[in-house]
Amino acid sequence: VTIDGNRAPASYFSSPSPNTKGERVSSSSVLVINSGSSSIKYQLVDPETGDAIAKGLVERIGDPMGFIKHVYGDAVTEEELPVPDHTVGMREVLRLFDTEGPSLAEAGILAVGHRVVQGGRYFDGPALITDEVRNLIEELCPLAPLHNPAHLKGIDVARELMPDVPHVAVFDTAFFQQLPDRSALYALETETAEKYSVRRYGAHGTSHQFVSQEIAKLEGRDDLKQIVLHLGNGASVSAVKNGKPIDTSMGLTPLEGLMMGTRTGDIDPAVVFHLQRVAGMSVDEVDTLFNKKSGMKGMTGESDMRSVWDMIHNDDDPEAQQRARTAMDVYINRLLKYVGSYTAELGGLDVITFTAGIGENDAAVRRELAEALAPFGVKIDVEANQVRSGEPRVVSTADSAVTIYVFPTNEELAIARQALTFA
Ligand code: AMP
């Protein structure tokens, strides 16, 4: 692999063909790891059924006292103990599999899948982690300064402790490497954009890809014009035409696009200059303001939609109630703008799918957006929309111009299946 220039040869990283080993025994599994700066989340997944065989997390790595939780069947193990670094954290995870079960050897672990936020221009699919691939992930740290270094800690220690299984990196950006230039490029001066790799990489790609593929299966056709709304604490929307993404709302970083739990989403970049000049804020202060103190939290004091609805319906203070309602209007309006513009880009629309924490659970957000789309023939089935369920379901009426789905995303399963292609 040459890493001169912007891009390694496409053939090296292009998506592998699906595994052709045929039927797998049901005792096979993939360990999925999401390593953050002070945490390790993990899930042992049965890639056939999609079941989480066991899962858990290590939190507060580097603090005087850490916390570990391991769940296997009905058995929940919780421990407080110092976890000075990721090496100790990963050793503790393996110890818990040994003592609390299931034994990783008996679970037939075929691969370890690592979630990686930023794959830059190098990765348009999952990659077997070799030393070269590891170093490319490191090279991309400036584009994801909070995430990629944390992923590398998990990758390094997991490769060391589990040397006999393939380790596979699954990138949040990979799906959106297929974006056409017209939506991937900013109208920024070319030389600067290229020199500093400034373009739209997108995020949540594993979820957008998984959900859009599953919807195509449910609809029984690939030639679909889809909009996927991944609405969690972080939120993004994608337009997928005939299985390929043609636009998405997150950009160079996950800050762009929809209003989120704590992020502004789209904002005039001149607000940055304004706050620096007028409020004397530093770059880091504006970064924190936009990423951690804005969005729902910034406008209402609460980042969780349940709390915002509670303020709207039950707050004794009419001003707080009004503030929350206005914030919700901004949230819904941003969704509406994206659905409208993506419908135009797609040249029509067959399916809108809601997924992630808010998309799967917040019937009121779904209803308000659908009602705003009523002039275009979108009809939500109010009763079906109200039903709480963990199952994929249609919540539009039979005569709606667009089919509205609620589909539970499963990023761990998607990562496990992609990792398995190298097993
Ligand atoms: P995620 O990032 O996908 O885990 O989504 C987390 C967000 O989902 C939370 O911050 C809540 O805003 C939202 N959420 C979860 N459950 C519900 C619910 N029952 N009703 C409304 N919002 C919910």
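Can you confirm whether the stretch 384-401 contains a residue that is among the charged types (D, E, K, R), modelled with pLDDT of 95 or more and more than 16 Å from the ligand (Cβ to nearest atom)? Checked the stretch 384-401: at least one residue is among the charged types (D, E, K, R), modelled with pLDDT of 95 or more and more than 16 Å from the ligand (Cβ to nearest atom).
Kindly establish whether residue 191 is part of a helix (DSSP H, G or I) and either away from the ligand (no atom under 16 Å from the Cβ) or under 23 Å from residue 287 (Cβ atoms) (or both). Spelling it out, residue 191 is indeed part of a helix (DSSP H, G or I) and either away from the ligand (no atom under 16 Å from the Cβ) or under 23 Å from residue 287 (Cβ atoms) (or both).
One residue alone among 334, 306 is at pLDDT 95 or above and within 14 Å of the ligand (Cβ to nearest atom), and that residue is 306. Of the residues making up the stretch 337-360, those that are part of a helix (DSSP H, G or I), surrounded by 20 or more Cβ atoms within 10 Å (Cβ to Cβ) and more than 16 Å from the ligand (Cβ to nearest atom) are 338, 339, 342.
Flag: residue 366 does not match the condition of being of a type in the set (Lys, Arg), touching a residue at least 12 places away in the same chain (Cβ under 8 Å) and either open to solvent by 20 Å² or more (accessible area, probe 1.4 Å) or at positive phi (or both). Do you know which residues across the stretch 319-331 are within 16 Å of the ligand (Cβ to nearest atom) and of a type in the set (A, V, I, L, M)? Within the stretch 319-331, 324, 327, 328, 330 meet the criteria. Among residues of the stretch 283-309 that are open to solvent by less than 40 Å² (accessible area, probe 1.4 Å) and part of a loop (DSSP other than H, G, I, E, B), those with a Cβ under 9 angstrom from a residue that is charged (D, E, K, R) and within 16 Å of the ligand (Cβ to nearest atom), sequence gap 6+ or separate chain, pair up as 294/263. Taken together, 406, 395, 382 contain a single residue that is surrounded by fewer than 22 Cβ atoms within 10 Å (Cβ to Cβ) and on the phi < 0 side of the Ramachandran plot, which is 382. Residue count for the stretch 287-303 under the criterion of being within 12 Å of the ligand (Cβ to nearest atom) and more than 22 Å from the chain's Cα centre (by Cα): the result is 1.
Scanning the stretch 361-383 for residues that are within 16 Å of the ligand (Cβ to nearest atom) and not in a helix (DSSP H, G or I) returns a single hit, 362. From the list 148, 135, the lone residue that is out of contact with any Lys or Arg (no Cβ under 9 Å at 6 or more places or on another chain), under 20 Å from residue 62 (Cα atoms) and either open to solvent by less than 10 Å² (accessible area, probe 1.4 Å) or modelled with pLDDT of 95 or more (or both) is 148. Entry remark, the stretch 295-307: residues being of a type outside the set (Asp, Glu) and closer than 16 Å to residue 329 by Cβ number 6 in total.
Can you tell me which of (1) over 29 Å from residue 173 (Cβ atoms); (2) touching a helix residue (DSSP H, G or I) at 6+ places or on another chain (Cβ under 9 Å); (3) surrounded by fewer than 20 Cβ atoms within 10 Å (Cβ to Cβ) is the one residue 271 doesn't meet? Looking at each condition in turn, residue 271 falls short on (1). Scanning the stretch 224-258 for residues that are open to solvent by 10 Å² or more (accessible area, probe 1.4 Å), free of Cβ contacts under 8 Å to residues at least 40 places away in the same chain and either within 16 Å of the ligand (Cβ to nearest atom) or in contact with a Gly (Cβ under 8 Å, 6 or more places away or on another chain) (or both) gives 234, 255. The set of residues from the stretch 153-179 being closer than 14 Å to residue 37 by Cβ and open to solvent by 10 Å² or more (accessible area, probe 1.4 Å) comprises just one member, 153.
The values are calculated or read from the model by the stated rules, or taken from the named source; none is laboratory data. Quick caveat, the model's predicted, so the values are computed rather than measured. Every residue, glycine among them, receives a Cβ derived from its backbone with ideal geometry; neighbour counts consider all protein chains shown. Protein only, heavy atoms only, side chains kept; ligands, DNA and RNA dropped before computing areas. Shrake-Rupley method; radii C 1.70, N 1.55, O 1.52, S 1.80 Å.
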